[in-house]
Amino acid sequence: MSVSTLSKIISGLICVLGLFCTAHAQPKVVAQSDYGFITENTVTIDANANQVWKTLIEDVDTWWPKDHSWWGKEGTFSITPAAGGCFCEISGERSAEHLRVVFVNPANTLVMTGGLGPLQGMGLTGALTFELNEEKGATIVTMTYRVHGYHPDGYTQLAPVVAQVQGLQLQGLADAF
């Protein structure tokens, strides 16, 4: 057995045992009907809830993937963490409200409503919730998006794509640590 093969086996065992294993967002479509869908992604971040909250809110421009924005690297993201606040993107004189902040419980829960990306133009809306739960010095972050509205093609193909993209977005937050 080569050293490389043995190294891969040991790394795999360590990961299986839950030691030193990088958590990756696991995209899931939790529910789906003719009227909408629910996606859920969860990651565990090796930081306390206050640190994760600070990065979630204050550093969204550093972790939200620029390839899932209106203006790519030219755009700057911000979240105003108060009811009525904006999860916005600005690029020069161009601006977009991605979501509206409707509930803030610092280091615990953030809820925003609206349609992300192309969902806006499709007339779909939803509630995006970030829940932070601290356990043993780490924080479990669950990102849930409840989308509803009329979509003539149904949600069979759309829901998994949204779940996958949100997995990338949440993974961006985890990778910030």
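A few comments on the model shown:
- A compact globular protein would have a Cα radius of gyration near 2.2 N^0.38 Å; the ratio found for segment 34-159 is 1.09.
- With the charge dipole of the chain set up from +1 on Lys and Arg Cβ and -1 on Asp and Glu Cβ about the Cα centre, the Cα lying farthest toward the positive end among the listed residues Thr76, Gln120, Asn41 is that of Asn41.
- With the convex hull constructed from alpha-carbon coordinates only, segment 101-177 shows a mean projected area of 5.8 nm² over all directions.
- Unit charges on C-beta of K, R, D, E only; dipole of the chain, Debye: 260
- Lysine pairs in the chain with Cα atoms under 30 Å, if 8 or more residues apart or on separate chains: 9
- Computed over segment 31-108, Kirkwood Rh from alpha-carbon pairs, angstrom: 14.3
- Separation in nanometres of the label points that stand 7 Å from Cα toward Cβ, at Ser78 and Thr109: 2.7
Throughout, read-outs are computed from the coordinates displayed, never taken from laboratory work. A quick note: this is a predicted structure, and the numbers were derived from the prediction, not measured. FYI the Cβ positions are ideal-geometry reconstructions off the backbone, even for glycines, and counts take in every protein chain you see.
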